[in-house]
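A short worksheet on the structure shown next.
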């Protein structure tokens with residue numbers, strides 16, 4: 001069986017479902033995965049994907065105590081930013097791994113830049129095909145949401161450093177892309193952008209695990225509208241149309257908080273945004289903060305919902321681009337009606353239309369009518385369902401995507417042999 005070294009910035013139990021699910025299914029197509037990644041201690045959403053393949057983790061942050069950890073983080077950030085320290089450590093570890101167990105191909109998956117340089121160096125050292133998988137790119141964000149801690153508010157110095165940070169990351173990423181044998185990414189918009197740097201770009205969507213996500217129709221006590229995920233900003237994910245529609249339906253006594261609930265499975269920072277938006281429309285009585293739950297509990301959450309909410313915004317110069325989140329595909333798989341607000345008027349809206357999965361809304365009236373339609377269905381049946389195009393959603397299964405990766409890997413190996 002051929003072996004692929006996956007060098008990635010995140011891997012389960014941290015939030016890294018794309019590579020986690022790839023390791024789960026790619027063995028069925030003749031490839032054994034080996035993972036090299038960074039230790040991330042503050043997340044455990046995907047712990048059920050941790051024992052699937054050999055994983056080597058590098059713990060960069062070992063200091064004890066709050067202040068020592070902050071000092072170490074700052075020191076390593078500067079060391080990495082100017083001297084690629086973390087990539088250097090990754091390369092050292094990969095050399096040791098190769099001596100124990102040679103691999104046939106290198107795949108690097110990242111959302112920004114690290115560890116692209118490390119993966120390229122390893123592939124070049126052993127003359128192996130090098131594939132870059134970009135889950136997200138800086139250009140898709142409406143502002144500085146790609147930075148974990150936005151410092152642009154720190155006056156001119158903060159804004160200058162943010163600009164330099166963005167330029168440096170883009171320069172590094174684009175230079176590495178030109179040397180990759182192939183690039184994979186998550187939406188048609190991403191493909192269009194990245195083809196400027198490498199003409200060999202393939203679209204492999206995010207998706208759903210067919211062993212976890214499938215339709216059930218439990219009867220529920222409430223008409224439940226559910227959102228799962230993070231909200232970085234209202235520029236990226238604008239709940240305005242949804243909040244306005246709920247307010248109108250409340251005032252017209254069409255919906256009541258007594259039998260309609262909006263469940264938010266989000267972190268505290270996201271809840272702060274939602275709380276303020278709901279407060280503006282005087283609909284806090286609908287809102288229920290649930291917090292994060294492990295990923296393997298999400299199928300139960302979705303199936304016990306009446307409407308599944310996707311938040312995005314119009315895909316224009318100031319708005320988000322290429323929005324094709326994992327939660328969309330998982331919502332498709334459970335066959336519950338999807339309400340997307342505000343419509344991106346782009347590829348996500350087209351996918352919702354193709355799969356007949358729900359509504360990508362541009363008007364408050366559309367949102368109100370959609371909610372009332374499924375509210376009436378729920379009152380009659382005790383549950384809701386969406387008449388999705390099941391054939392269309394098959395392409396989004398994680399198992400099918402692993403097959404796509406394996407086909408690409410085999411082609412690259414064959415090309416290397418024939419040249």
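Read-outs: derived from the displayed coordinates by stated rules, not from any lab. Keep in mind the model is a prediction, meaning the values are calculated, not measured. Heads up, the Cβs are rebuilt from the backbone with ideal geometry, glycines too, and the neighbour counts pull from every protein chain shown.
What's the extension gain from residue 80 to residue 67 if we count 0.36 nm per residue and subtract their Cα-Cα distance?
Numbers: separation 13, 0.36 × 13 = 4.68 nm, distance 1.98 nm.
Gain on extension, residue 80 to residue 67, equals 2.7 nm.
Going highest first, how would you order 330-340, 407-417 by mean Cβ packing within 10 Å? Please report the intermediate quantities before stating the final value.
Working: 330-340: 25.5, 407-417: 14.5.
So the order, starting with the most tightly packed, is 330-340, 407-417.
Return a whole-number percent for the relative contact order of the range 311-419, with Cα pairs under 8 Å and 6 or more residues apart as the contact set.
Numbers: 111 pairs, mean separation 25.8, N = 109.
It rounds to 24 percent for the range 311-419.
Computed from the coordinates I sent, volume of the Cα convex hull per residue in Å³ equals one of (i) 150; (ii) 209; (iii) 178. Tell me the label.
It is the value labelled (i).
Please compute the length gained on full extension between residue 419 and residue 60, using 0.36 nm multiplied by the number of residues separating them and subtracting their Cα-Cα distance.
On the way: separation 359, 0.36 × 359 = 129.24 nm, distance 3.97 nm.
Computed gain between residue 419 and residue 60 is 125.3 nm.
Considering only C-alpha atoms, what is the centroid distance from the range 304-370 to the range 1-69, in Å?
Rounded to whole Å, the Cα centres lie 30 Å apart.
Given the C-alpha centroids of the range 245-287 and the range 167-192, what is the distance between them in whole angstrom?
39 Å
Sorting check: for 67-78, 238-249, 269-280, which peptide has the highest mean count of neighbouring beta carbons within 10 Å, and how do the rest follow?
Taking the mean over residues of other Cβ atoms within 10 Å, the ranking is 238-249, 269-280, 67-78.
For the chain, what relative contact order do you get, as a whole percent, if you take Cα pairs closer than 8 Å and at least 6 residues apart?
16 percent.
Report the label-to-label distance for residue 41 and residue 275 in nanometres (one decimal), using points 7 Å from each Cα along the Cα→Cβ vector.
Computed distance between label sites residue 41 and residue 275 equals 2.8 nm.
Indicate the gyration tensor shape class of the range 237-308 (rounded, prolate or oblate), computed on the Cα atoms with a ≥ b ≥ c the square roots of the eigenvalues: a/c under 1.5 is rounded; otherwise a/b larger than b/c is prolate and the rest oblate.
Working: a/c = 2.30, a/b = 1.41, b/c = 1.63.
Taking the square roots of the gyration eigenvalues as a ≥ b ≥ c, the range 237-308 is oblate.
Give the calculated FRET efficiency between residue 219 and residue 373 to the nearest 0.05, with a Förster radius of 22 Å applied to their Cβ-Cβ distance. Please report the intermediate quantities before stating the final value.
Details: r = 19 Å, r/R0 = 0.84.
So, using R0 = 22 Å, E works out to roughly 0.75.
Which angle from 0 to 90°, rounded to the nearest 10, does the C-alpha axis of helix 268-280 make with the longest principal axis of the chain?
30 degrees
How much length is gained on full extension from residue 211 to residue 32, taking 0.36 nm per residue of separation minus their Cα-Cα distance?
Details: separation 179, 0.36 × 179 = 64.44 nm, distance 2.04 nm.
Full extension of this stretch gives 62.4 nm more.
If I model a spin label at residue 289 and residue 354 as a point 7 Å from the Cα along the Cα→Cβ vector, what separation in nanometres do I get?
Distance between the two pseudo-spin positions: 3.8 nm.
If R0 is 51 Å, what FRET efficiency do you get for residue 95 and residue 391 from their C-beta distance, rounded to 0.05? Don't skip to the end; give the middle numbers.
Details: r = 46 Å, r/R0 = 0.91.
Efficiency at R0 = 51 Å is approximately 0.65.
Given the DSSP H assignment, sum -39500 (n - 2.57) over each helix run of at least 4 residues in the chain and divide by its residue total; what's the result at 222 nm in deg cm²/dmol, nearest 500? Display every interim value, and only then the final one.
Working: 14 runs with 175 residues, N = 419.
Value at 222 nm, helices only, nearest 500: -13000 deg cm²/dmol.
With axes computed from alpha carbons, what is the tilt in degrees of helix 155-177 against the longest principal axis of the chain, rounded to the nearest 10 within 0 to 90?
That works out to roughly 60 degrees.
Rounded if a/c is under 1.5, else prolate if a/b beats b/c, else oblate: with a ≥ b ≥ c from the C-alpha gyration tensor eigenvalues square-rooted, which is the range 223-395? Kindly include the intermediate steps, with their values, before the conclusion.
Details: a/c = 1.27, a/b = 1.08, b/c = 1.17.
Judged from the Cα gyration tensor, the range 223-395 comes out rounded (a/c under 1.5).
Relative contact order for the range 223-395 using alpha-carbon pairs under 8 Å, separation at least 6, rounded to a whole percent?
Numbers: 301 pairs, mean separation 43.9, N = 173.
Averaging sequence separation for qualifying contacts and normalising by length gives 25 percent for the range 223-395.
Of 11, 114, 83, which is the most mobile in a GNM of the chain whose springs link Cα atoms less than 10 angstrom apart?
Answer for the Gaussian network model of the chain: 83.
Order of 181-190, 287-296, 349-358 by packing, highest average Cβ count within 10 Å first? Please report the intermediate quantities before stating the final value.
Values: 181-190: 21.9, 287-296: 15.3, 349-358: 18.9.
Descending mean neighbour count gives 181-190, 349-358, 287-296.
Run the simple label-point estimate for residue 195 and residue 267 please: 7 Å along Cα→C-beta, distance reported in nm.
Label at residue 195, label at residue 267, 3.5 nm between them.
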